[in-house]
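Below is one structure, written out as structure tokens, with a few remarks after it.
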Amino acid sequence: LLRRVMAEDDPEEIRMWLSATLTRLGSGQTDEALLRWPESFELMDAVLENYKTIANAPPELRRDLTWPWHSWNKIIDPPEEGMLALITAPDGQGKTIYGESIAEHWAQRKNRVVFVHYELNRKLMLLRRTSRHTGISARDLRSGNLNELQLHKYQESRARLLSWEGYISYLHSPGWTMEQTIAELNKMNNEDECDVVVLDYLEKVSPSNRQIKLFGTNTYQREADNVEQLKNFAEKTGIPVVMIAQMSKAGKQSSFENVDRTGIRGAGEKSDKANLVVLLRRDRIEDGYSNVVDVLVDKNTMGGTGTFKQMMQPEYFRVGDIQLGVM
């Protein structure tokens, strides 16, 4: 604290750092870091019993983190406590649509989701959500002249989404540092308002004074520090985090057959800490991008890897599985 004060750190950043530090200090004793051999079997017994309880719970009481699409669930298990998932794609190819769809799917399944967005404003987020659930284009929504059928679709979707037992808290955080973000997430967790986090997207996080002093203009080191903070938050709280990140220039220019997680901007620091890495790619066509999405599960500490295709309707901010025809 004295070093931060002497370095004339921003008072708000000092307050956020103090809040996060006090939360960590109150999270448990240091001897909890050690798990002894006999205790490990007792813990595994409890884990299996918990899985059994969840599996046998009535559907109306069950809360899960399955993925929105059959193609994902076929390869990727639901994220475990404290897991960090990374979804990446080049500019303009719909990675935020994936983040929004995942957040809404989890909210529908009784989870309290925090969607951290550093870029899109609230009005645009809600326009995209409404378009996705009504099939009304954002242009028509903005026109102010919805017909009777469109108004009916909007009212129906409004009632349906409000009937969900879970919900999304939209945390609009332009200009925030990761320290500020983590402090707010810890606060929401302490208030029992956060089961899972979706963060869109990493490269938009602002550097803190501490990071500027430590890393200067090295963007990759700052971003690696942000990932480390996110990972620590996830592991200490047991809250899964889905992080959306940008693909590097080299990754954008590679063919899908040659792309892997090394194409992520600042790849080593980010993908090494992630338990799951999913890469998305849409081919360039004459008037933009193809609606076919190539998906690569490139790293998965809890299961298999592989590739498959999905279909995107960017005008309605939707993604679905091709083989099932579900959007």
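The values are calculated or read from the model by the stated rules, or taken from the named source; none is laboratory data. Treat the numbers as computed from the prediction; the structure is a model and nothing was measured. As a convention, Cβ positions derive from the backbone with ideal geometry for all residues, glycine included, and neighbour counts pool all protein chains shown. Side chains included, ligands, DNA and RNA excluded: accessible areas come from the protein's heavy atoms. Shrake-Rupley method; radii C 1.70, N 1.55, O 1.52, S 1.80 Å.
In table form, for the structure just shown:
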item: Residue that is nearest to residue 71 (Cα to Cα) [pool: residues in segment 284-316 that are touching a residue at least 24 places away in the same chain (Cβ under 8 Å) and among the acidic types (Asp, Glu)]; result: 294
item: Restricting segment 204-220 to residues that are of a type outside the set (Ser, Thr, Tyr) and surrounded by fewer than 16 Cβ atoms within 10 Å (Cβ to Cβ), the residue that is nearest to residue 98 (Cα to Cα); result: 218
item: Which numbered condition residue 324 misses (of (1) among the hydrophobic types (A, V, I, L, M, F, W, C); (2) over 22 Å from residue 118 (Cα atoms); (3) modelled with pLDDT of 90 or more); result: (3)
item: Residues of segment 278-301 that turn out to be buried (at least 19 other Cβ atoms within 10 Å of the Cβ), assigned to a strand (DSSP E or B) and among the basic types (Lys, Arg), as a count; result: 1
item: Residue in segment 184-193 that is among the hydrophobic types (A, V, I, L, M, F, W, C), closer than 30 Å to residue 21 by Cβ and either part of a loop (DSSP other than H, G, I, E, B) or open to solvent by less than 20 Å² (accessible area, probe 1.4 Å) (or both) present; result: yes
item: Unique match (being of a type in the set (A, V, I, L, M), under 26 Å from residue 180 (Cβ atoms) and either in a helix (DSSP H, G or I) or at pLDDT below 80 (or both)) among 22, 48, 43; result: 22
item: Failed criterion for residue 68 (all others in (1) at pLDDT 95 or above; (2) open to solvent by less than 20 Å² (accessible area, probe 1.4 Å); (3) not in a helix (DSSP H, G or I) hold); result: (2)
item: Subset of segment 226-266 that is touching a Phe, Trp or Tyr at 6+ places or on another chain (Cβ under 9 Å) and over 18 Å from residue 197 (Cβ atoms) - its residue that is modelled with the highest pLDDT; result: 246
item: Subset of segment 302-318 [over 30 Å from residue 142 (Cα atoms) and surrounded by 12 or more Cβ atoms within 10 Å (Cβ to Cβ)]; result: 302, 303, 305, 306, 307, 308, 309
item: Looking only at segment 102-116, and only at residues there that are over 22 Å from residue 302 (Cα atoms) and not β-branched (Val, Ile, Thr), the one that is most open to solvent (accessible area, probe 1.4 Å); result: 108
item: Residue among 292, 278 that alone is of a type in the set (A, V, I, L, M, F, W, C), out of contact with any Gly (no Cβ under 8 Å at 6 or more places or on another chain), closer than 30 Å to residue 218 by Cβ and at pLDDT 95 or above; result: 278
item: Test: residue in segment 155-163 that is open to solvent by 30 Å² or more (accessible area, probe 1.4 Å) and among the small types (Gly, Ala, Ser); result: yes
item: Test: residue in segment 148-159 that is at pLDDT 95 or above, among the charged types (D, E, K, R) and farther than 30 Å from residue 57 by Cα; result: yes
item: Residues within segment 132-152 that are open to solvent by less than 80 Å² (accessible area, probe 1.4 Å) and within 28 Å of the chain's Cα centre (by Cα), tallied; result: 8
item: Index of the failed condition, residue 46 passing every other in (1) over 19 Å from residue 321 (Cα atoms); (2) of a type in the set (Gly, Ala, Ser); (3) in contact with a strand residue (DSSP E or B) (Cβ under 7 Å, 6 or more places away or on another chain); result: (3)
